[in-house]
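Below is one structure, written out as structure tokens; the observations come after it.
The values are calculated or read from the model by the stated rules, or taken from the named source; none is laboratory data. No experiment lies behind these values; they were computed from the predicted model shown. Glycine also receives a Cβ, built like all others from the backbone with ideal geometry; neighbour counts cover every protein chain displayed.
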Amino acid sequence: MTTDTPPARAPEVIAPGSGQHLHFLNHLATVKVHPGTDGTLSVVEFAAERGFGPPLHRHDHEDELFVILAGELAFHRGDDRSTGGEGTIAYLPRGLAHTFQVLSSTARFVCVTACDAGPPRFADMVAALGAPVATPTLPEPSYLDAAEVAEVCRAHGIEVLGPPPAPLEQGARR
């Protein structure tokens, strides 16, 4: 006979457009599921324009799973590069140096981070570098302090290893 153990958190059903909206590294991030102090995963939805890509980085404690909702992304892992469009899932295990870049004019994708040794810190890093906004819109591009980004990432278990992908050439890919 088994007994059901109550969940540590209440279940949630998250409606489209809901969540904590942030202007984050010149794109829109919406925290859909925050791990709190006892969760094992976080879910953040992103909207970005063509050419966006984070610096080359590695997560020390978290696995990442991307689900592309719209648009096309290129994932870079060392010398390996893969592209994917709507419906593509990309799994990036902890410890793997990686980056990605939006190839289409815009893209929407979900990033799920999971950790078996305490709550993932990705959503907290997004909140630390982001600015809360009431309306889920893309921000106007602004200056990003690379040293601050690297410092905040490091404080959340993410090591910045290099620059973002090179800018796309005019006329390349959509």
Fill in the blank from the handout: Cβ pairs under 7 Å, 6+ apart or interchain, first in the range 83-110 and modelled with pLDDT of 95 or more, second polar (S, T, N, Q), ordered by first then second residue, are L103/T83
Practice task
Could you list, in sequence order, all residues of the range 44-103 that are among the β-branched types (V, I, T) and closer than 21 Å to N26 by Cα?
Solution key: V44, V67, I68, T99, V102
Exercise for the section: Could you check how many residues of the range 92-112 are part of a strand (DSSP E or B) and of a type in the set (A, V, I, L, M)? Expected result: 5
Practice task
Could you please give the count of residues in the range 34-82 that are without any contact (Cβ under 8 Å) to a residue 40 or more places away in the chain and either over 20 Å from G19 (Cβ atoms) or buried (at least 18 other Cβ atoms within 10 Å of the Cβ) (or both)?
Solution key: 9
Handout entry: Candidates T135, T99, T113 - the one that is among the hydroxyl-bearing types (S, T, Y), touching a Pro at 6+ places or on another chain (Cβ under 9 Å) and within 18 Å of G19 (Cβ to Cβ)
Key = T113
Practice task
Might you let me know whether the range 113-127 holds any residue that is surrounded by fewer than 16 Cβ atoms within 10 Å (Cβ to Cβ), modelled with pLDDT of 95 or more and closer than 24 Å to L65 by Cβ?
Solution key: no
